[in-house]
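The values are calculated or read from the model by the stated rules, or taken from the named source; none is laboratory data. Since the structure is predicted, the reported quantities are computational estimates derived from the model, not experimental observations. We place every Cβ from the backbone using ideal geometry, glycine too, and count neighbours over all the protein chains shown. Note: accessible area is taken over every heavy atom of the protein model, side chains too, but ligands, DNA and RNA are not part of it. Shrake-Rupley method; radii C 1.70, N 1.55, O 1.52, S 1.80 Å.
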Amino acid sequence: SSSTIRAALAEGDVIAASRRLGRPYRLEGEVVHGDGRGHTIGFPTANLDVWDEQYLPRQGVYAGWAHLNGETFMAVANVGNRPTFNGGLVTVEAHLLDFDRDIYGARLALDVVAFLRPEMKFNGVEALIAQIRQDVIQGRALLTDH
């Protein structure tokens, strides 16, 4: 049932949600401009303008597949409010691995396949960068085996 799927997503259990759905849970939206922080720290992100009624999984970092204009890319995404930068609103930001193109205005679909870790506040940008590097390594390994 939809309540079981929402409960799994609230826990970050995207695997259970996907089993119930018969497919990966998908977040989709137009790629919009964000604060530009991802680009400045070496991990540019596609900020998704998801529709207001879209149910978001637990705040945290996920591995998934990004679908863009008929192409598919490995991605590591953050769902949350970016506490290291004292963010406010919850956003969906996907870092597409091995990707470097301007895609503002494009529609991007993100199939969320694995929860990597909860969102957390870091003591500075360097600690955040080190963790993102680990997230990318873990995400790439999971998606390569998927």
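A few notes on this one:
- The residues of the chain present an accessible area of 54 Å² per residue when probed at 1.4 Å with all protein chains retained.
- Counting only protein heavy atoms and a probe of 1.4 Å, the accessible surface of the chain is 49% carbon and sulfur.
- Helix 125-145 axis, angle to the chain major axis (alpha carbon atoms, nearest 10°): 40
- Value of relative contact order over the stretch 71-146, rounded to a whole percent, pairs C-alpha under 8 Å and six or more apart: 36
- Residue with peak Gaussian network fluctuation, the chain [Cα springs, cutoff 10 Å], from D102, D135, D49: D102
- Highest mobility in the GNM of the chain, judged by mean-square fluctuation with C-alpha springs under 10 Å and restricted to E71, E30, E11, is found for E71.
- Potential extension, L21-Q134 segment - 0.36 nm per residue separation minus Cα distance: 37.7 nm
- Ellipsoid fit via the Cα gyration tensor, the chain: semi-axes of 22, 17, 16 Å, each the root of five times an eigenvalue, largest first.
- Residues of the stretch 89-108 with an amide N closer than 14 Å to a point placed 7 Å from the Cα of N69 along the Cα-to-Cβ direction: 99-108.
- Cα centroid of the stretch 83-136 to Cα centroid of the stretch 18-58, whole Å: 9
- Between V50, V113, V90, the Gaussian network model of the chain with springs among Cα atoms under 10 angstrom shows the greatest mean-square fluctuation at V90.
- For the stretch 95-146, the square roots of the Cα gyration tensor eigenvalues, ordered a ≥ b ≥ c, give a/c of at least 1.5 with a/b no greater than b/c, which places it in the oblate category.
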